[in-house]
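The values are calculated or read from the model by the stated rules, or taken from the named source; none is laboratory data. Just so you know, these numbers come straight off a predicted model, no measurement behind them. For neighbour counting, all protein chains shown are included, and Cβ atoms are generated from backbone atoms with ideal geometry for every residue, glycine included. Ligands, DNA and RNA are excluded from the accessible area calculation, which covers all protein heavy atoms including side chains. Shrake-Rupley method; radii C 1.70, N 1.55, O 1.52, S 1.80 Å.
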Amino acid sequence: MLALLATLEECQAFLTDRANTETARLLSLAILELRMELHKVTDSELKALCDMIASDEPVQEQSTTRQLPPYLRLIK
């Protein structure tokens, strides 16, 4: 799966270089799905991370923040 991920990222870079941004964006979704599968990230974990990033609130102490896996913790 890592080899597939590397190939997809190369294709995305190629498309971006050729100003084919819409196709590159679509490919980025496939890359995201594959990375989520590799790291066993659930849709709800991704949504929680996106909500934290979009909230503009300062990151609180870990004890009061929703518990996320270490690879999804927001570091500022």
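For the pair SER44/LEU29, report the inter-label distance in nm, with labels modelled 7 Å from Cα in the Cβ direction.
My value for the distance between the label points is 2.4 nm.
Can you give the FRET efficiency to the nearest 0.05 for LEU2 and ASP56, using r as the Cβ-Cβ distance and R₀ = 30 Å?
For R0 = 30 Å, the calculated efficiency reads 0.30.
Would you kindly find the accessible area of ILE53, with a 1.4 Å probe and non-protein molecules such as ligands, DNA and RNA excluded, rounding to the nearest 10 Å²?
The value for ILE53 is about 90 Å².
Leaving out ligands, DNA and RNA but keeping every protein chain, what accessible area does THR23 have, in Å² rounded to the nearest 10, with a 1.4 Å probe?
Number for this one is 60 Å².
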